[in-house]
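Heads up, the thing below is written out as structure tokens.
Bear in mind these aren't lab numbers, they're just calculated from the coordinates by the rules spelled out. Remember, it's a predicted structure, so these values are computed and weren't measured experimentally. Here the Cβ is made from the backbone with ideal geometry for all residues, glycine too, and neighbour counts use every protein chain on show.
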Amino acid sequence: MARSVNPNTGIKGMDIVLGNLNKEIVKMKRNSKAGLLEAAAFIRRDMDKTFPKVPVDFGNLRASWFVTPFKSMGKDIVVLGFNANYALYVHEMVDGDFKSTRIRYSPKRKYTPREGAGPKFLEAALNRNKAVILGLITKEVILK
């Protein structure tokens, strides 16, 4: 089951996306840890290929991806996301400049943003891949 950790964190729109996804997962009556993990891996790959992509400066945000499976009340659950301390800020930066070349740090180095990077990268990946996510979970439930 997908869940937003804290509704007061400032993630706008994620509650709607996760709510819609959860409704479909709950209808399944059963889920599969393997299916949830496969869906998480698919989402991670999609964020690297499809606009909006995960922004990359030196790679810390992109490398901070995590997936934690556990059981709660007999159901398999997967918590996923990015744990870089600025991940939420970058995700919600809808007015941010994801295209201009910048000079960062000392010694000064030029940084050219990743083409196709943008805000709402996780939310967009979950939203556009709802059918695929449900299909991956269903496939694993049927195989059990």
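Points worth noting:
- Modelled this way, with points 7 Å down the Cα-to-C-beta line, the labels at Val56 and Asp95 are 2.9 nm from one another.
- Peptides 124-134, 68-78, 85-95 ordered by average Cβ neighbours within 10 Å, highest first: 124-134, 85-95, 68-78
- The stretch 14-143: C-alpha pair distances exceeding 18 Å, %: 58 percent
- Peptide ranges 35-42, 59-66 listed from the most packed, as the mean C-beta count within 10 angstrom indicates: 35-42, 59-66
- The simple spin-label model puts a point 7 Å past each Cα toward its Cβ; for Arg45 and Tyr111 those points are separated by 2.9 nm.
- Close amide-amide hydrogen proximity is noted between Val56 and Arg114, each under 5 Å apart and 5 or more residues distant or on a separate chain (H modeled in the peptide plane; Pro and chain starts excluded).
- Whole-Hz Karplus values for the stretch 59-64 come out as x, 5, 4, 4, 6, 8 Hz, taken residue by residue from phi with 6.51 cos²θ - 1.76 cosθ + 1.60 and θ = phi - 60°; glycine and proline positions read x.
- Of every Cα-Cα pair in the stretch 47-96, the percent that sits beyond 13 Å: 66 percent
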